[in-house]
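Notes to accompany the following structure.
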Amino acid sequence: MLTSVVLYTSANLCVKELSHLGTFQLVFLRSAVSLVLCAVYLKRAGIPLLGNNRRWLFVRGLMGMVALSGFFHTVRHIPLASATVIQYFSPVFTVLLALFFLKEKVHRWQWLFLGLALAGIVMVKGFDPRVSWGMWGLGLMSACLAAVAYLATMKCRDTDHPVGVVIWFHLLAVPVMGALSWGRWTPMMDVDWGLALAIGVLSIAAQVLMTVALHHEDAGMVMPFKYLGAVLALAIGWWGYGEHMSNLSLVGMALVVASISANTVLKARRSAALR
């Protein structure tokens, strides 16, 4: 999980370095690389490219595509740490969606943790003038759609291979984002192509490693490590881009990370107790 966090953060850093490119172009490049890697794996494994539960696979791909576009756009225009922390609000939306669509029960302590996480997100916006209301809202929308994509992923756990679930994102993103970036394509230098390739490879590797970690250990043990990505993003933004944060913004970020981590541990322990 720690390696996955480092790779995800590295991929986001590459996106930051390519902020001179358009958002649609960035998503297209990332998806094109990942599509090739996923397709090669599925072909060698003898797994159908289009999967089985195609309705939910389509939902997963569509929501994931829009969510990633929103996240990439915020990374380009606001501090890296702020964009990362706002995206980490997606578990809150996941809990709410699971409550209504999967009929999962929510412990009263979970409501407290989710409320504290929301307060932290508001603090990040309220005390960082570089985060406009538009970017703040876009980040929350991206987090919400990412939660819908996660819900769709859960619907496909028993019907489709993890890589078969992931590839639908890229099957949709490559033609859609390619069409949207057509006519507004920014010319790229050799180093830009190298960074674009790195985004695709790092993202897929990070996703695979996170899946392996969740398959071999309890979620409550490994998921909190994911939020160390916020610390890495803060450090990189601070030292690499001069993105200094106010003390209250830092408190807000810490509140989000602590609340979501506590919620993850609590949920995992309750699930283990029910087995």
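With respect to L57, is the statement that it is over 16 Å from the mean Cα position of the chain (by Cα), crowded, with 19+ Cβ neighbours inside 10 Å and within 19 Å of T211 (Cβ to Cβ) true? In short, yes.
Can you tell me which residues in the range 53-104 are of a type in the set (K, R) and in contact (Cβ under 8 Å) with a residue 60 or more places away in the chain?
Listed by number, the residues that qualify are R60, R76.
Residues in the range 233-259 that are farther than 15 Å from N12 by Cα, in contact with a helix residue (DSSP H, G or I) (Cβ under 9 Å, 6 or more places away or on another chain) and among the hydrophobic types (A, V, I, L, M, F, W, C): M245, L248, L250, V251, M253, A254, L255, V256, V257, A258.
Using the structure shown, decide if R55 is part of a helix (DSSP H, G or I), under 24 Å from P175 (Cβ atoms) and either modelled with pLDDT under 90 or in contact with a strand residue (DSSP E or B) (Cβ under 6 Å, 6 or more places away or on another chain) (or both). Spelling it out, it is not the case that R55 is part of a helix (DSSP H, G or I), under 24 Å from P175 (Cβ atoms) and either modelled with pLDDT under 90 or in contact with a strand residue (DSSP E or B) (Cβ under 6 Å, 6 or more places away or on another chain) (or both).
How many residues does the range 134-155 hold that are open to solvent by 20 Å² or more (accessible area, probe 1.4 Å), more than 18 Å from V256 (Cβ to Cβ) and modelled with pLDDT of 85 or more?
Result for the range 134-155: 3.
The residues of the range 37-52 that are closer than 20 Å to A198 by Cα, in contact (Cβ under 8 Å) with a residue 60 or more places away in the chain and of a type in the set (A, V, I, L, M, F, W, C), listed by number, are L37, C38, A39.
Restricted to the range 66-104, and to residues that are farther than 23 Å from L114 by Cα, open to solvent by less than 10 Å² (accessible area, probe 1.4 Å) and of a type outside the set (V, I, T), which residue is farthest from the chain's Cα centre (by Cα)?
Here is the first cut: in the range 66-104, the residues farther than 23 Å from L114 by Cα are 66, 69, 72-73, 75-79.
Checking which are open to solvent by less than 10 Å² (accessible area, probe 1.4 Å) leaves us with 72, 75, 78-79.
Right, trim to of a type outside the set (V, I, T) and you get 72, 79.
Details: F72: 10, P79: 16 Å.
Among those that are farther than 23 Å from L114 by Cα, open to solvent by less than 10 Å² (accessible area, probe 1.4 Å) and of a type outside the set (V, I, T), it is P79.
For the range 200-217, state whether one or more residues are surrounded by 13 or more Cβ atoms within 10 Å (Cβ to Cβ), modelled with pLDDT of 90 or more and of a type outside the set (G, A, S). Yes, the range 200-217 contains a residue that is surrounded by 13 or more Cβ atoms within 10 Å (Cβ to Cβ), modelled with pLDDT of 90 or more and of a type outside the set (G, A, S).
The values are calculated or read from the model by the stated rules, or taken from the named source; none is laboratory data. Everything numeric in this text was worked out from a predicted model, so none of it was measured. Here the Cβ is made from the backbone with ideal geometry for all residues, glycine too, and neighbour counts use every protein chain on show. What goes into the accessible areas is simple: the full protein's heavy atoms, side chains included, and nothing from ligands, DNA or RNA. Shrake-Rupley method; radii C 1.70, N 1.55, O 1.52, S 1.80 Å.
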